[in-house]
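To start, the structure under review is shown below, and the notes come after it.
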Amino acid sequence: MQRVSSVIIIGAGLGGLACAIECRRQGLNVLLLLYQMQVHIVVGAGIQIPPNGSRILQRFGLLPKISDRATVVERIDVRRYEDGQMLCSKEQTLSSIENYGAPWFVIHRQDYHGILLEEATRLGAAIRLGASVKNILTDRDTVVLEDGTELTANAIIGADGIWSVTREILLERSAPPIETGDLAYRATFTRADLEALKDSRVDELCAQNSVTLWMGPNKHVVFYPLRNGAEFNMVLLRPDDLPEGVKTAHGELGEMRATFEGWDPVLLKLISCIPSVLKWKLLHHEELQTWTKKHVALLGDACHPTLPYQAQGAAMAVEDGAVLGVLLGKLKSAPDSTGARLHSSGDSTDSVTSMLKIYEDQRKQRTTLNVQGALRNRWFYHMVDGEEQQNRDRFLRAVTDWEAVKSPYTWADAQYNRDLLGYDSIAPAEHAFDSWFLENS
């Protein structure tokens with residue numbers, strides 16, 4: 001059996017870097033292609049790392065570095081929009097480790113990306129800047145750059161995000177993302193900004209290592225600490241009013257404040273500190289029938305973009321990357337000393353194709369459920385005032401044991417959260433490889 005030895009990864013976001021790290025851990029040669037001329041172009045501010053994402057970082061040995069820059073989430077507090085009344089508080093510090101096997105972090109995206117990038121390069125992944133992809137020749141395992149350069153590898157991974165070029169090449173058609181009808185304002189504060197308000201309620205909020213969620217009609221707001229409490233992140237979600245085709249725009253502060261008029265006075269105090277704001281159109285994509293073609297595969301937002309209402313987009317991409325690396329690595333190191341030959345045609349081409357199909361089989365159902373879960377959370381967060389909202393609020397106030405909850409609200413359902421947050425993505429992939437190898441040797 002000829003060995004797989006090299007991987008090209010198009011894109012170097014969190015999922016692409018996770019794939020690069022695992023591939024290098026498995027002894028594969030890795031080349032990351034970036035169309036930008038510098039690596040440290042990181043979009044966004046805060047990001048959550050739920051336990052299933054932390055589990056992969058634990059595998060990489062990166063939890064100590066993450067812990068140095070991140071905050072462990074102690075609670076998730078849910079408040080009513082108009083007065084800030086606490087609807088529920090879900091303890092996370094112990095439950096995340098005991099029930100899901102790893103902690104729940106919040107971190108600055110730049111810090112998270114920097115830690116993964118440093119590890120990928122430390123392990124020997126190569127990076128080529130200014131490498132804009134023009135085409136992929138699937139019959140020759142070749143990436144063609146805009147300048148005419150041709151690069152070959154045993155596997156080619158499209159980790160190039162929601163506007164993926166790889167996706168359009170694989171599908172052989174234009175496949176832009178779809179507008180969801182929502183947009184996000186994103187803002188960050190320093191602790192000094194908030195302390196200057198001299199408001200005891202704001203000070204109390206900032207003293208806690210919690211994620212705070214205000215839920216209201218057609219909108220919600222998320223607030224949490226960054227960089228050990230030196231900074232704070234806020235995301236304000238509302239109906240989209242950007243023109244069609246406009247992805248981002250500078251927001252008008254007066255408009256943003258008016259959008260949340262009548263909400264919790266503490267929240268409005270926080271909003272008053274925002275010096276400038278960006279508006280981000282939230283996008284997704286129709287479910288793809290397949291993520292792979294011969295030796296090309298997609299990961300992360302290139303194949304299963306999701307609304308950010310379950311805090312799982314990056315975690316799913318990191319899981320994707322790790323699973324891909326594990327499968328390709330196991331193919332590389334599979335024993336053949338007894339002369340075992342794989343069926344199909346017995347060459348590495350069919351073996352790689354099989355690995356990418358196993359990857360898709362392992363990941364597609366889980367990521368589809370995540371996309372659907374985020375849509376359900378959108379409904380859960382954005383209920384208009386009325387009987388449905390009152391039933392939701394009564395339910396949340398009544399919960400005393402979050403580990404035993406059975407609920408139609410997936411956000412609250414204990415088993416749903418165990419399946420989502422406690423999932424070990426690596427062991428099933430390894431088992432799937434072992435079964436495939438036994439059947440084909």
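The values are calculated or read from the model by the stated rules, or taken from the named source; none is laboratory data. All values reported here derive from a predicted model rather than from experimental measurement. Glycine gets a Cβ as well: all are built from the backbone with ideal geometry, and neighbour counts include every protein chain shown.
crowded, with 18+ Cβ neighbours inside 10 Å, in a helix (DSSP H, G or I) and of a type outside the set (Asp, Glu), is that true of Val221?
no
Out of (1) surrounded by fewer than 16 Cβ atoms within 10 Å (Cβ to Cβ); (2) in a helix (DSSP H, G or I); (3) in contact (Cβ under 8 Å) with a residue 12 or more places away in the chain, the odd one out for Glu119 is which?
(1)
Out of the residues in segment 242-261 meeting the condition of being surrounded by 11 or more Cβ atoms within 10 Å (Cβ to Cβ) and of a type outside the set (A, V, I, L, M), tell me which one is farthest from Ile271 (Cα to Cα).
Restricting to residues being surrounded by 11 or more Cβ atoms within 10 Å (Cβ to Cβ) and of a type outside the set (A, V, I, L, M), the top hit is Lys247.
Kindly indicate the residue of segment 378-397 that is in contact with a Leu (Cβ under 8 Å, 6 or more places away or on another chain) and surrounded by fewer than 19 Cβ atoms within 10 Å (Cβ to Cβ) and also nearest to Gln310 (Cα to Cα) among those meeting that condition.
Ranking the candidates gives Asp393 first.
Could you list, in sequence order, the residues of segment 122-143 that are farther than 15 Å from Val30 by Cβ, of a type in the set (Val, Ile, Thr) and not in a loop (DSSP other than H, G, I, E, B)?
Val133, Ile136, Thr142
Which one of Val222, Val143, Val133 is without any contact (Cβ under 8 Å) to a residue 60 or more places away in the chain, among the hydrophobic types (A, V, I, L, M, F, W, C) and on the phi < 0 side of the Ramachandran plot?
Exactly one residue qualifies, and that residue is Val222.
Considering only residues of segment 175-192 that are farther than 24 Å from Gln372 by Cα and among the polar types (S, T, N, Q), which is nearest to the chain's Cα centre (by Cα)? Working first, answer last.
Taking segment 175-192 as the starting set, the residues that turn out to be farther than 24 Å from Gln372 by Cα are 187-192.
Pick out the ones that are also among the polar types (S, T, N, Q) and you get 188, 190.
Details: Thr188: 20, Thr190: 25 Å.
Top of the filtered list is Thr188.
Return the only residue of Gln38, Gln48 being among the polar types (S, T, N, Q) and modelled with pLDDT under 95.
Numbers: Gln48 fails: modelled with pLDDT under 95.
After applying the criteria, what remains is Gln38.
Can you tell me which residue is modelled with the lowest pLDDT among those in segment 166-188 that are within 25 Å of Ser276 (Cβ to Cβ) and either aliphatic (A, V, I, L, M) or part of a helix (DSSP H, G or I) (or both)?
The extreme case among them is Ala187.
Checking the condition within 26 Å of Tyr224 (Cβ to Cβ) and touching a strand residue (DSSP E or B) at 6+ places or on another chain (Cβ under 6 Å), which residue from Ala70, Ala20, Ala102 passes?
Of the residues listed, the single one that is within 26 Å of Tyr224 (Cβ to Cβ) and touching a strand residue (DSSP E or B) at 6+ places or on another chain (Cβ under 6 Å) is Ala70.
May I ask you to list the residues in segment 262-272 that are crowded, with 17+ Cβ neighbours inside 10 Å and closer than 16 Å to Tyr224 by Cα?
Within segment 262-272, Val266, Leu267, Leu270, Ile271 qualify.
Against the condition surrounded by 21 or more Cβ atoms within 10 Å (Cβ to Cβ) and touching a strand residue (DSSP E or B) at 6+ places or on another chain (Cβ under 9 Å), how does Leu57 come out, does it pass?
Details: surrounded by 21 or more Cβ atoms within 10 Å (Cβ to Cβ): yes; touching a strand residue (DSSP E or B) at 6+ places or on another chain (Cβ under 9 Å): yes.
It is true that Leu57 is surrounded by 21 or more Cβ atoms within 10 Å (Cβ to Cβ) and touching a strand residue (DSSP E or B) at 6+ places or on another chain (Cβ under 9 Å).
Please verify whether segment 146-154 includes one or more residues that are farther than 21 Å from Cys303 by Cβ, of a type in the set (A, V, I, L, M) and part of a helix (DSSP H, G or I). Steps first, answer last, please.
Pass one, segment 146-154, residues farther than 21 Å from Cys303 by Cβ: 146-152.
Narrowing the set further to residues that are of a type in the set (A, V, I, L, M) leaves 151.
Adding the requirement that they be part of a helix (DSSP H, G or I) leaves none.
Looking for residues that are farther than 21 Å from Cys303 by Cβ, of a type in the set (A, V, I, L, M) and part of a helix (DSSP H, G or I), one finds none in segment 146-154, hence no.
Would you point out which residue out of Glu82, Glu22 is at pLDDT 95 or above and farther than 26 Å from Lys279 by Cβ?
On the way: Glu82 fails: farther than 26 Å from Lys279 by Cβ.
Answer to the check: Glu22.
Within segment 232-241, can you find the residues that are of a type outside the set (Lys, Arg) and surrounded by 14 or more Cβ atoms within 10 Å (Cβ to Cβ)?
Phe232, Asn233, Met234, Val235, Leu236, Leu237, Asp240
Which residues, counting only those in segment 304-352, are of a type in the set (Ser, Thr, Tyr) and modelled with pLDDT of 95 or more?
Hit for segment 304-352 is Tyr309, nothing else.
Pick out the one residue from Tyr81, Tyr112, Tyr100 that is under 14 Å from Ala314 (Cα atoms), in contact (Cβ under 8 Å) with a residue 24 or more places away in the chain and crowded, with 16+ Cβ neighbours inside 10 Å.
The unique qualifying residue is Tyr112.
Is it true that Ala120 is under 20 Å from Gly321 (Cβ atoms) and small (Gly, Ala, Ser)?
Here the answer is yes, as Ala120 does meet what is asked.
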